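Only one structure is covered here, and it is reproduced in the block below.
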Amino acid sequence: MGSDSDLPIMQAAADVLTSFAIGFEMDIVSAHRTPEKMFTYAQTAHTRGLQVIIAGAGGAAHLPGMVASLTPLPVIGVPVKSSNSIDGWDSLLSIVQMPNGVPVATVAVNAAQNAGILAAQIIFSSNQEALEKLMQFKDALKVKVQEASARIKKS
């Protein structure tokens with residue numbers, strides 16, 4: 001994440017990864033304030049065994065795109081509605097409007113939970129046992145909606 005103020009949002013991605021027993025690193029790496037650290041982090045991520053990078057940032061939100069330009073790994077961007085943002089729209093547009101050749105999968109503003117789920121889907125796509133866990137999670141989501149629908153119909 002670009003700043004410690006992003007932690008309350010990014011914690012949702014960590015929680016998802018933890019629930020699926022996926023190990024992860026969490027750090028503050030600012031594209032603007034610590035560019036050297038960002039370069040090193042992104043360029044070496046694959047050598048540390050990482051398979052996906054989730055990068056969250058607010059404001060100008062250059063972190064996901066810059067990381068994507070430096071790593072061979074898939075990058076998922078989380079636009080964060082920060083104190084200096086325009087309701088998160090500036091962050092969303094900064095992340096989603098990447099030039100051809102530098103893709104960043106982008107989730108909704110503050111949707112770090114979806115970033116965690118997408119990262120799990122990417123990681124689990126080549127592991128049948130883990131994929132089953134993810135399918136159970138998705139089935140549980142379906143049941144939750146069906147139960148809510150039934151409650152509303154009773155009202």
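Only the coordinates and a few stated rules stand behind these numbers; no lab work does. What you see is a predicted model, and the numbers here were worked out from it, not measured in a lab. So basically every Cβ, Gly included, is an ideal-geometry build from the backbone, and we count neighbours across all protein chains shown.
Taking the chain as a Gaussian network of alpha-carbon nodes connected by springs under 10 Å, the highest mean-square fluctuation of the residues Ala21, Ala13, Ala105 belongs to Ala21.
So how strong a dipole does the chain carry about its Cα centre when Lys and Arg Cβ are +1 and Asp and Glu Cβ are -1, to the nearest 20 debye? Write out the running numbers ahead of the final one.
Values: 11 positive and 12 negative charges, 108 e Å.
With only Lys, Arg, Asp and Glu charged at Cβ, the dipole is about 520 debye.
The Cβ shell under 14 Å around Ser5 holds other residues with a net charge of 0, Lys and Arg each +1, Asp and Glu each -1.
Ordering Ala45, Gln11, Val78 by Cα displacement along the dipole of the range 4-124 toward the positive end leaves Ala45 in first place; charges were set at the Cβ atoms of Lys, Arg (+1) and Asp, Glu (-1). Within the chain, no helix built from a complete DSSP H run reaches 30 Å or longer along its own axis (Cα positions) while carrying a mean Kyte-Doolittle hydropathy of -0.5 or higher.
In debye to the nearest 20, how big a dipole does the range 1-89 give about its Cα centre with +1 on each Lys and Arg Cβ and -1 on each Asp and Glu Cβ?
Numbers: 4 positive and 7 negative charges, 33 e Å.
Dipole about the Cα centre, nearest 20: 160 debye.
Considering only Met66, Met135, Met98, give the residue with the highest GNM mean-square fluctuation for the chain, with springs between Cα atoms whenever their separation is below 10 Å. It is Met135.
With a Förster radius of 22 Å applied to the C-beta separation of Leu73 and Val96, the computed FRET efficiency comes to 0.75. In the chain, a dipole from Cβ-located charges (positive for Lys and Arg, negative for Asp and Glu) runs towards its positive end, and of Ile152, Met135, Ile22 it is Ile152 whose Cα lies farthest in that direction.
Measuring from centroid to centroid over Cα atoms, what is the spacing of the range 39-55 and the range 1-22 in Å? So the two Cα centres are separated by 16 Å. Put simply, the Cα atoms of the chain extend 56, 38, 29 Å along their principal axes, the longest span coming first. Pick from Leu141, Leu50, Leu63: which residue has the top mean-square fluctuation in a GNM of the chain where Cα pairs under 10 Å get a spring? Checking each option, the largest mean-square fluctuation is seen for Leu141.
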